[in-house]
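Visitor: Encoded as structure tokens, here's the structure I'll be asking about.
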Amino acid sequence: MKYLTNLSNNPNYNLAFEEYCFKNLPREEDFVYLWINGPAIIVGKNQNTLEEINSEYVKENDIKIVRRITGGGAVYHDLGNLNFSIYTNSKGQDRIDFGQINIPILKALEKFGIKAELSGRNDLTLDGKKISGIAQSVYRKRILNHGTILYDTDMGVLSQALNVKADKIESKGVKSVRSRVTNIRPYMKEDASILEFKDMLLKHIFQYHNEEMVEYVLSQQELDGIQKLYEEKYSTWEWNYGESPDFGWKNYKRFPTGSVEVRLEIKHGVINDARIFGDFFGTKDIDDLVGRLKGIRYDRDQVRELLENLNISDYFSNMTDSEFMELLFD
């Protein structure tokens, strides 16, 4: 086993780093990679991004949204959360198995006085509360096993960022299962910063395997490959939002001048169809507005840009731009 070093806190870059190493590093080696993201929500491969995040809170607090290549639910990362990635070859049948591969993590945590256990399908728990969510991917008989460790995460931000009102979304995306969670720092035998914890955890993992700590130093060609993946995939709206499963949005509000119901069909993150009903009044044909909505991204900035070029009160008497935005997003 060898370890990988990446000191970036940019979640988009870090996810690109992880995928590139998973699919391109020497197959005869096992690797471990410990990494820390700045504030971000990492959504599962099969999830509808908008169904998992509190969009307004995320934007106001500059929380990044990144899709990963593994399944499972959305998780919040910040500088108090430590991520681990383990790359290894599958032994026999390619399948998702969360047991054996995570024993080194459990045994390493024991060194800190943390008596965690693998619970349910893919969680590590402590005193019945979740401290880690784990996910896996298999690629050409190679396994990526990765997860989070809630060390000293801001729980207030976590709860707000993932506080989603999804009752107006009809989606085939995989929903996240919310669990009671806790940080492990209060349970540590001796207090340590997250960087100290990271270094010690890595050391304990190698001790469990009875191996000398050896770093795999990435070549310039490999670093260039990571940068390319970062720029062309993980930094794009198309991957982080547009890869969401198709879904429908519906909303209804009453205004002083009438009621309005909106129904949208979203495909690949783009408004494919729209319907607007109600007993409202307006001087312009509502079909004109519907036609303008079709084909644009289901994205607040895109809709705001559209509204800059028209007067929404022409279609709904006395309605403001912010009220129309609420219909489409809140």
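Nothing in this text is a laboratory measurement; each read-out follows from the coordinates by a stated rule. Worth saying up front: this structure is predicted, and the values here are computed from it rather than measured. Because the Cβ atoms are built from the backbone with ideal geometry, glycine has one as well, and the counts that use them run over all protein chains shown.
Visitor: GluC sites (Glu not before Pro) within region 10-55: which are DSSP loop residues with at most 11 other Cβ atoms inside 10 Å?
Guide: Here the sparse-neighbourhood loop sites are 28.
Visitor: Please give the contour-minus-distance gain from residue 57 to residue 215: 0.36 nm per residue of separation, less the Cα-Cα distance, rounded to one decimal in nm.
Guide: 53.0 nm is the gain from fully extending residue 57 to residue 215.
Visitor: Using modelled backbone amide H atoms (1.01 Å from N, in-plane), which distant-in-sequence or interchain residues come within less than 5 Å of residue 298's amide H?
Guide: Excluding prolines and chain starts, which carry no amide H, the hits are 270, 271.
Visitor: Now for a different question. Ordered by packing density, taken as the mean number of other Cβ atoms within 10 Å over each peptide's residues, highest first, how do 278-289, 211-222 rank?
Guide: The peptides rank, most packed first, as 278-289, 211-222.
Visitor: Same structure, new question: List the aspartates and glutamates whose alpha-carbon lies under 16 Å from that of residue 91, not counting same-chain residues fewer than 8 positions away?
Guide: Reachable aspartates and glutamates: 28, 29, 30.
Visitor: With θ set to phi - 60° and the Karplus curve 6.51 cos²θ - 1.76 cosθ + 1.60, what are the ³J(HN,Hα) couplings of region 226-243 in order, to the nearest whole Hz, using x for Gly and Pro?
Guide: Per residue, the Karplus-derived 3J(HN,Hα) values read 5, 4, 5, 5, 4, 6, 8, 10, 6, 9, 9, 4, 4, 7, 6, 10, x, 7 Hz.
Visitor: Just want to confirm a number: the relative contact order over the chain, from Cα pairs under 8 angstrom separated by 6+ residues, in percent. Write down the numbers at each step before the final one.
Guide: Working: 614 pairs, mean separation 59.2, N = 330.
Reported relative contact order: 18 percent.
Visitor: Same structure, new question: For region 20-26, in order, what is each residue's ³J(HN,Hα) by Karplus, 6.51 cos²θ - 1.76 cosθ + 1.60 with θ = phi - 60°, in whole Hz (x at glycine and Pro)?
Guide: Working through the residues one at a time gives 4, 5, 4, 9, 10, 6, x Hz.
Visitor: Considering amide H positions built from the backbone, and no H for Pro or chain starts, which residues 5 or more places from residue 30, or on another chain, come under 5 Å of its amide H?
Guide: Excluding prolines and chain starts, which carry no amide H, the hits are 2.
Visitor: Another question, then. Just flag the GluC sites (Glu not before Pro) in region 232-330 sitting in loop per DSSP whose Cβ has no more than 13 other Cβ atoms within 10 Å.
Guide: 308
Visitor: Follow-up. How compact is region 1-131 by the rule of thumb for globular proteins, expressed as Cα Rg over 2.2 N^0.38 Å? Intermediate values should be presented prior to the final figure.
Guide: On the way: Rg = 15.7 Å, N = 131, 2.2 N^0.38 = 14.0 Å.
Working it through for region 1-131, the quotient is 1.12.
Visitor: Out of region 194-256, which trypsin sites (Lys or Arg not before Pro) are coil in DSSP terms and have no more than 15 other C-beta atoms within 10 Å?
Guide: Sites meeting the loop and neighbour criteria: none at all.
Visitor: Counting only residues 5 or more places away or on other chains, whose amide H sits under 5 Å from the amide H of residue 47 once H atoms are built in the peptide plane?
Guide: Under 5 Å from the amide H of residue 47 lie the amide H atoms of 174, each far enough along the sequence or on another chain.
Visitor: Could I ask something else about it? From the backbone phi of region 76-91, what are the Karplus-calculated ³J(HN,Hα) couplings (6.51 cos²θ - 1.76 cosθ + 1.60, θ = phi - 60°) in whole Hz, Gly and Pro given as x?
Guide: Per-residue couplings from phi come out as 9, 10, 8, 6, x, 10, 10, 9, 10, 10, 10, 10, 8, 7, 6, 10 Hz.
Visitor: Also: Express in whole angstrom the spacing between the alpha-carbon centres of region 266-298 and region 105-162.
Guide: With region 266-298 and region 105-162 each reduced to a Cα centre, they are spaced 43 Å.
Visitor: Calculate the tail of P(r) for region 195-314: the fraction of all Cα-Cα distances greater than 24 Å, expressed in %. It would help to have the intermediate numbers written out before the result.
Guide: Working: 3933 of 7140 pairs.
So the pairs more than 24 Å apart make up 55 percent of the total in region 195-314.
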